[in-house]
1. Roughly how many Å is it from the Cα centre of the stretch 11-33 to that of the stretch 100-129, as a whole number?
2. What is the set of long-range amide H partners of Arg129 at a cut-off below 5 Å, with H atoms built 1.01 Å from backbone N?
3. Compute the accessible area per residue over the stretch 55-187, keeping the other protein chains in place, probe 1.4 Å, unit Å².
4. Quote to one decimal, in nm, the extra length available between Ile202 and Lys56 on full extension: 0.36 nm per residue of separation minus the C-alpha distance between them.
5. Rounded to a whole number of µm²/s, how large is the Stokes-Einstein D of the stretch 7-58 at 4 °C and 1.567 mPa s, given Rh as the Kirkwood radius over C-alpha pairs?
6. Determine the share of the stretch 7-213's accessible area contributed by carbon and sulfur atoms, expressed in whole percent, with a 1.4 angstrom probe.
7. Would you mind checking which residues have amide H under 5 Å from Cys36's amide H? H placed 1.01 Å from N; only 5 or more apart, or other chain.
8. Along each of its three principal axes, how wide is the spread of alpha-carbon positions in the stretch 1-120, in whole angstrom units, largest first?
Amino acid sequence: MNIKNPLKIIIFGPQASGKGTQAGLLSKELNIPQVCSGDLLRDEIKAGSELGKQVKEYVNSGELVPEELVRQLVKNRLDQSDVKDGFIIDGYPRSKDQAEFLNSIVEIDKALLIDVSKKEVMNRITSRRICSECGEIYNLIFNKSEKKGICDKCGKNLIQRDDEKPEIIEKRLSIYEKQTTPMLSLYEDKGLLIKINGEQSIEDVYQEVKNKLNI
Ligand code: AMP
């Protein structure tokens, strides 16, 4: 490996771009934790915490959660010792304000953009299913569970996430286009942004990621 290691990496991409999958692969390969703002929020909702109650409506309707609530959650996570030297963050920042906040607490080394068209995103999301218990992700077309509607790992039911219903997805994509896409220029201007073609197989996307990160 001929780059600084560990790295502090942001991974961007619209919903269903595969950024979570790529983040997981990189996390393993580079031995750095994966931090996902959506998971942090969903964990709070599942735990029924005060914060979870406050954010539930936003998450389920596809709206962005108010900045101060996400900010605190992300900051708490990034204050933990396991991420001091490196991490890959997914889902944050999503706006210029968030990018500026992140910049004020850590120095980012690379920003990956997993590029996927809106049409492809819609196709992928409407066929996505998630385990109601363990969160394992399936796809009705290219990653089916062995038994229809049942998780291979834990045997519980597979469901469609509320925020992955088509009308909610339209809203989330338009938020992404309005708020997140313009923010990418902040990283592009600093020479940190690496664009990856997300419309390839998982393996090929990962190969491109590795080539472009020189790992
Ligand atoms: P995700 O799984 O990253 O698509 O996030 C699911 C939902 O969590 C989003 O639709 C938002 O409601 C909320 N969320 C996640 N990250 C953020 C963020 N950085 N800012 C505001 N809301 C967020």
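1. 9 Å
2. Answer set, sorted by chain and number: Tyr138, Asn139, Leu140.
3. Values: 7170 Å² over 133 residues.
On a per-residue basis, 54 Å².
4. On the way: separation 146, 0.36 × 146 = 52.56 nm, distance 3.09 nm.
Taking Ile202 through Lys56 to full extension adds about 49.5 nm, to one decimal.
5. Working: Rh = 12.4 Å.
My calculation gives 104 µm²/s for D.
6. Working: 5040 of 10750 Å².
C and S atoms contribute 47 percent here.
7. Asp90
8. 45, 39, 26
The values are calculated or read from the model by the stated rules, or taken from the named source; none is laboratory data. Just so we're clear, the structure is a prediction, and the values are computed from it rather than from any experiment. No Cβ is skipped: glycine too gets one built from the backbone with ideal geometry, and neighbour counts run over all protein chains shown. For the accessible areas, the whole protein counts, side chains as well, though only heavy atoms, and no ligand, DNA or RNA atoms are used. Shrake-Rupley method; radii C 1.70, N 1.55, O 1.52, S 1.80 Å.
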